[in-house]
Amino acid sequence: MYVICGLLAFCLGIMLSIQSGINTFLRGMTSNPIFAVTVNFSVGMLMILLATMIRYRMHKCKLLESLELRRTKWWMWMGGPLGIIFVMAGALIPSYIGYGAFFSMLVTGELIFSAALDHKGWLNNTIYPIGFRRAGGIMLLLVGAVLVQNT
């Protein structure tokens, strides 16, 4: 299962590059990055609403019981705004520095902070301490990202 999840994560990385390219292309055609992000999230919203309706019809989820909004914290609502920032950056930044540089730095930042999340158990995660091998892997990725930036 570990290998399958790793391969799926690898494929998701490919899909992020494709998504960024599509949004950059749409931004270039319309000269409007906000429109590109709006299209991205609108189509995504339609697809997730369709998936929710299908799951509801199949009795896989109950809408009213799952909407316990009173118990949420403010930071639990930040996924959407952070997603908008991410997609907007993916539509803007690669045209200035290239996709390799953009995604190498993106993945490096993601790995460094996710390792900190794992190490500290933040956001209610299981704790996975940063050992010597993990720290070495992070350093290698950071060196690789810097090399991609400077080529």
Per the Debye formula with a single identical scatterer at each Cα and no solvent contribution, what log10 I(q)/I(0) holds for the range 65-141 at q = 0.19 Å⁻¹? -0.97
Taking 22 Å as R0, compute the FRET efficiency from the Cβ-Cβ separation of Asp118 and Tyr2 and round it to 0.05. 0.90
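Roughly speaking, to the nearest percent, how much of the range 1-50's 1.4 Å accessible area is carbon and sulfur? Can you show the working numbers first?
Details: 3210 of 3810 Å².
Ligands and nucleic acids excluded, carbon and sulfur reach 84 percent.
Averaged per residue, what accessible area in Å² does the range 10-148 show with a 1.4 Å probe, protein chains only?
Working: 10530 Å² over 139 residues.
So the range 10-148 comes to 76 Å² accessible per residue, rounded to a whole number.
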Can you match Kirkwood radius over Cα pairs in Å to one of these, [x] 17.9; [y] 18.3; [z] 15.5, based on a calculation from the structure here? [y]
Counting alpha carbon pairs within less than 8 Å and at least 6 residues apart, what relative contact order, in whole percent, applies to the chain? 22
Sort 73-83, 138-148 by the packing proxy (mean of other Cβ within 10 Å over each peptide's residues), most packed first. 138-148, 73-83
All-pairs Cα distance distribution in the range 111-151, expressed in whole percent, bin size 5 Å: 6, 24, 24, 17, 14, 9, 5, 1
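The values are calculated or read from the model by the stated rules, or taken from the named source; none is laboratory data. Not measured: the values here are computed from a predicted model. Cβ sites come from the backbone with ideal geometry, for glycine too, and all protein chains shown count toward neighbours. In case anyone asks, the SASA skips ligands and DNA or RNA and just uses the protein heavy atoms, side chains included. Shrake-Rupley method; radii C 1.70, N 1.55, O 1.52, S 1.80 Å.
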